[in-house]
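Here's the structure we're looking at; comments come further down.
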Amino acid sequence: MLRSATGLPSVGRSTPRLHLAFNRHGVWAIYKHEIARAMRTLVQTLVTPVITTSLYFVVFGSAIGARMSSVDGVAYGAFIVPGLIMLALFTESLSNASFGIFFPKFIGTIYEILSAPISYLEIVIAYVGAAATKSIVLGLVILATASLFVPLHIVHPLWMILFLLMTAITFSLFGFILGLWAQGWEQLQLIPMLVVTPLTFLGGAFYSISMLPPAWRTFSLFNPMVYLISGFRWCFFGKSDVRIVLSVALLLGVLGALLLLIGWIFRTGYRLKN
Amino acid sequence: MPPVIAIEQLTKSYASGVAALQPIDLTIERGEIFALLGPNGAGKTTLINIICGIVTPSSGRVLAAGHDILRDYRAARSLIGLVPQELTTEAYETVWATVAFSRGLFGRAPNPEYVERLLHDLSLTDKRNSRIMTLSGGMKRRVMIAKALSHEPEILFLDEPTAGVDVELRRDMWNLVRGLRERGVTIILTTHYIEEAEEMADRVGVIHKGNLILVEEKSALMRKFGQKELMLHLEKPLERLPPELAAWRLELRSKGYELGLALDTASGLRIPALLKQLSELSIEIKDLQTHQSSLEDIFVQLVRERA
């Protein structure tokens, strides 16, 4: 039996509750909601990547690495750590952010986001912030796991944190755009599976592009993942395939382009509003 | 006092070329229950979705408590709550989490006491930690209402609030809506159940093919378009009306077994005279009944006229 809502207070007379320029409660609500979803699937979110990373170390680090000399003066087991973290960061940022916004679209709860007094920028901050948080935590867990297998010394720890942060934000933003664009589960998986993962494997996650024949080396320089993995590896070992300035410039360039794209999507309501 | 919702020359055309709303002008007064009626695809949900910010209008202006829904969207939306037609919630969330989420989303600071009271008033207290997937359809509908009320809105849109709800819960919902109105909440509802509008609404709007074809006080509408009729069921059929009854404007139906008389104030007062005359003509009456047009009759008549 429903009560006749008499226990609730009377409403005021048109006193808008939101004069603030920033809806912090709204941003926090979405952020918390997204983190809570990850906590509900903790095994899938954290344990699976840890097991996968451990397997990479067994296969690449121990089995293959034992037969390989060092790369650029770095033991092969340690050499693949930045690549492994980047691989996880790319895929997890993409999948977390794309799923985060695609799922409400898919089940229809997006109506609540669209009807709330929350700006597009705040929506992006909340979803991208949550996705980036999850992938950064995962990256750190993988780093901790890796340190159990190989001795690690990080030459530029602050740069490493900054790179981790920027990469997570950039790919989460990319994922968010994918989630807005996707109209079905297949489309949602298309870019991560067919573009990002192959490019990451070909981007020097498990090798230095200096090991490639000259033609392939030049060809690899058209792969943006090379710059990101190389930049992240520089943070660890102070050595890279391409200059760190180029890596940072590419990261900032991609981030800027994605911000422009998201601005256009929200201005036009593309695949969000009719 | 200015209207709580003011709609001026609002139109919506989709990219496909479908004109969902023709220019619409409508004002809704503070504290009233306004029922928006219309057949499927008439434009009811489009209109609600524009006001709530889910659909972008093609032209026109909407003010919610004086705030433009596009330019001053934060102020406007913070005053509005929406219960959508579909039961769309995240299955794995708990009732408490989803209601608290909605409150935060609408910019309100956490208030466990308020949420607790809200759940109590919606008979959801014992379900507060249940996952939504475990709830019945009726319970889910209550959760949707709790979410819409979580930020203490002044204007509440109910899009088909009792679709798929059993009779008892429907009556309970009506009581809840009346209770909300007593608190000063303005309620705009769309419904397929004309009985619902008849039961609750102060004013009724009829929308058809994107046009608002009528807005009227419910009681005035019933007076204006409503008809009352007296039906007399005869013991033996009549082949034709006796000439003595010509002055009564009676209608012979059901193969002569039924006499119908449209009642107005004058004819209503003369019913005893008619019965006396029928008796004098040895026309025996088996049964008699009166029929008052319902809002549904009026709605069907209006829509048919515009078809």
Query raised in the report: Label points 7 Å out from Cα along the Cβ direction at B:SER130 and B:MET1: separation in nm?
Result: 3.8 nm
Report summary line: Set B:LYS147/B:LYS218; A:LYS273/B:LYS209; B:LYS228/B:LYS276; B:LYS44/B:LYS228; A:LYS273/B:LYS147, cut-off 27 Å on Cα-Cα distance; pairs above it are B:LYS147/B:LYS218; B:LYS44/B:LYS228
Report task. Report, in whole Å, the centroid distance computed from the Cα atoms of segment B:30-93 and segment A:215-274. Result -> 40 Å
**Report entry** With Cα atoms, 0 to 90° folded angle of helix B:137-149 axis to chain B main axis
**Finding:** 60 degrees
Query raised in the report: If you average the sequence gap of Cα pairs under 8 Å that are 6 or more apart and divide by the length of chain B, what percent do you get for the contact order?
Result: 19 percent
Report task. Compute the long axis of helix A:224-237 from its Cα atoms, compare it with the longest principal axis of the Cα atoms of chain A, and write down the angle in degrees, 0 to 90, nearest 10. Result -> 70 degrees
Query raised in the report: What FRET efficiency, computed as 1/(1 + (r/R0)^6) with R0 = 25 Å and r the Cβ-Cβ distance, is obtained for B:TYR14 and A:LEU190, rounded to the nearest 0.05?
Result: 0.40
Query raised in the report: Where the centre of each part is set by its Cα atoms, how far does segment A:187-205 sit from segment A:89-118, in angstrom?
Result: 21 Å
Requested in this report: Could you work out the local net charge near B:THR89, counting Lys and Arg as +1, Asp and Glu as -1, over the other residues with Cβ closer than 14 Å to its Cβ?
Outcome: +3
Requested in this report: Compute the acute angle (0 to 90°) between the alpha-carbon long axis of helix B:112-121 and the principal axis of greatest extent of the alpha-carbon atoms of chain B; round to the nearest 10°.
Outcome: 20 degrees
Requested in this report: Before anything else, pin down the relative contact order of segment B:227-293: Cα pairs under 8 Å, at least 6 apart, normalised by residue count, whole percent.
Outcome: 53 percent
Report task. List the residues whose amide H sits under 5 Å from the amide H of B:GLU29, counting only those 5 or more places along or on another chain, with H placed 1.01 Å from N in the peptide plane. Result -> B:VAL4
Query raised in the report: With contacts defined as alpha carbon pairs under 8 Å and 6 or more residues apart, what's the relative contact order of chain A in percent?
Result: 24 percent
Query raised in the report: Could you give the nm distance between label points at B:SER254 and A:LEU212, where each point is 7 Å from its Cα heading toward the beta carbon?
Result: 9.0 nm
Requested in this report: Under 12 Å from the Cβ of B:PRO57, count the other residues' Cβ atoms, weight Lys and Arg +1, Asp and Glu -1, and hand me the total.
Outcome: +1
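A:LEU252 to A:ALA21: FRET efficiency via 1/(1 + (r/R0)^6), r the Cβ-Cβ distance, R0 22 Å, to the nearest 0.05?
0.25
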Report task. Count the net charge of all other residues whose Cβ sits under 14 Å from the Cβ of B:ASP159, scoring Lys and Arg as +1 and Asp and Glu as -1. Result -> -1
Query raised in the report: Taking the Cα centre of each part, how many Å lie between segment B:218-262 and segment B:138-214?
Result: 37 Å
Report summary line: Here, B:HIS233 and B:GLU116, labelled 7 Å along Cα→Cβ, have an inter-label distance in nm of 5.9 nm
Query raised in the report: Given springs between every Cα pair under 10 Å in a Gaussian network model of chain A, which of A:LEU94, A:LEU221, A:LEU178 has the largest fluctuation?
Result: A:LEU221
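Where a number appears in this text, it was derived from the coordinates with a stated rule and is not lab data. These figures come from a predicted structure and were not determined experimentally. In this analysis, Cβ positions are derived from the backbone assuming ideal geometry, glycine residues included, and neighbour counts consider all displayed protein chains.
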